[in-house]
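First the structure, in the form of structure tokens, and then the observations on it.
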Amino acid sequence: MNVIAVKDLKKYYGTTKAVDGVSFEVPQGQVVALLGPNGAGKTTTIEIIEGLRKKDEGEIYYFGKKVDEVDKNVKVQIGVQLQKSAFFDYLTVYETIELFAGLYNVQAKKKDIEKLIDLVALGEKAKSKVKNLSGGQLQRLALAVALVNDPKILFLDEPTTGLDPQARRHVWQIIGELKEKGKTIVLTTHYMEEAEKLADKVFIMDHGKIIASGTVQELIKLIKMDSYIEFSSDSPQVLLKEISNLRMTNHERLILPTFDVEESIHMLLNKAKQLKVNIDNVIIRRPNLEDVFLNLTGRSLRD
Ligand SMILES: Nc1ncnc2c1ncn2[C@@H]1O[C@H](COP(=O)(O)OP(=O)(O)O)[C@@H](O)[C@H]1O
Ligand SMILES: [Mg+2]
């Protein structure tokens, strides 16, 4: 069953088509990711579904029923982690959750709050003030707050943006546990690793539109390439002129798609020698979601 469905959602800000005809479904118990670069329209899309912004056009369905306005009946079933969470610096972790429970009109007992704190692995920080939390701890507190009304559906807007890799993996682990508990999760991200790691289904967004969708495997299959040879060079422009299907990422890495790694490596090394340019830091890898995005748009997910 689909917990959420949206059809042809539109939201324009003046001439900016923030959301420009977006349709997708969220099956029960799954993690669905909206993956796209900054400005793609991810936040606008989910905030309309959460009832935080008004749509211009389109339809929203919760549990198969069309909702004209995302009202209280819907809101009691959803939990929202905003892209930027504002908490009170001088409240503790415990007090913050207690405060939000009050705002949601939830009768939170001490043990409920403690359970929530354990769930997001903030046990040792329960009595710490918000202002003393790290970025990762703040994101986990935001998760706890989103869970305070024990929602069936959880919206996470860029849950790991700005976190270091270790803190990011920690948040991923908790999101995985929430999925195992049966929560349906809609998340936005511009990290392809996040979508690859967590999502049952990925909707790739760009310029207000969904440009591709499917499981990670299905999306990667869109790339009809076997492998990529990725490397750096001191003279990328020289190589780009000489090798037709070579291209450069926003991060100054060169990528050569290939069906025959051995032959391509040979060709590459010969060219480099012949042109007297240096090739360094070579890796051979399978296509990933970043390549899918690059193939579809000619740009990288991150700039
Ligand atoms: N309140 C707003 N007023 C004007 N333009 C907005 C507003 N919110 C978003 N936009 C614009 O809409 C586009 C999509 O933004 P957003 O939904 O935040 O994208 P994302 O979350 O994918 O980064 C961007 O071009 C952004 O500048
Ligand atoms: Mg956003």
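Below is a table of values for the structure above.
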{"item": "Only one of GLU196, GLU263, GLU230 that is exposed (fewer than 15 other Cβ atoms within 10 Å of the Cβ), more than 16 Å from ligand 2 (Cβ to nearest atom) and not in a loop (DSSP other than H, G, I, E, B)", "result": "GLU263"}
{"item": "Of all residues in the stretch 16-46 being within 10 Å of ligand 1 (Cβ to nearest atom) and β-branched (Val, Ile, Thr), the one that is nearest to GLY79 (Cα to Cα)", "result": "ILE46"}
{"item": "Close pairs from the stretch 173-199: first within 16 Å of ligand 1 (Cβ to nearest atom), partner part of a helix (DSSP H, G or I) and open to solvent by 20 Å² or more (accessible area, probe 1.4 Å), Cβ under 6 Å, at least 6 apart", "result": "MET192/GLU290"}
{"item": "Residue satisfying condition, being under 14 Å from the mean Cα position of the chain (by Cα) and outside any loop (DSSP other than H, G, I, E, B), within set THR160, THR188", "result": "THR188"}
{"item": "Any hit, the stretch 96-119, residues being surrounded by 12 or more Cβ atoms within 10 Å (Cβ to Cβ), in the same structural domain as GLU177 (by TED's automatic domain parsing) and touching a strand residue (DSSP E or B) at 6+ places or on another chain (Cβ under 7 Å)", "result": "no"}
{"item": "Test: residue in the stretch 14-36 that is open to solvent by 60 Å² or more (accessible area, probe 1.4 Å), outside any strand (DSSP E or B) and either charged (D, E, K, R) or outside the structural domain of SER134 (by TED's automatic domain parsing) (or both)", "result": "no"}
{"item": "Residue in the stretch 59-71 that is open to solvent by 80 Å² or more (accessible area, probe 1.4 Å), assigned by TED's automatic domain parsing to the domain that holds LYS179, more than 21 Å from the chain's Cα centre (by Cα) and among the hydroxyl-bearing types (Ser, Thr, Tyr) present", "result": "no"}
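The values are calculated or read from the model by the stated rules, or taken from the named source; none is laboratory data. What you are looking at is a predicted structure, and each value in this text was computed from that prediction instead of being measured. Cβ coordinates were reconstructed from backbone atoms using ideal geometry, including for glycine residues, and neighbour counts include every protein chain displayed. We work out accessible area using only protein heavy atoms, side chains counted, and drop any ligands, DNA or RNA first. Shrake-Rupley method; radii C 1.70, N 1.55, O 1.52, S 1.80 Å.
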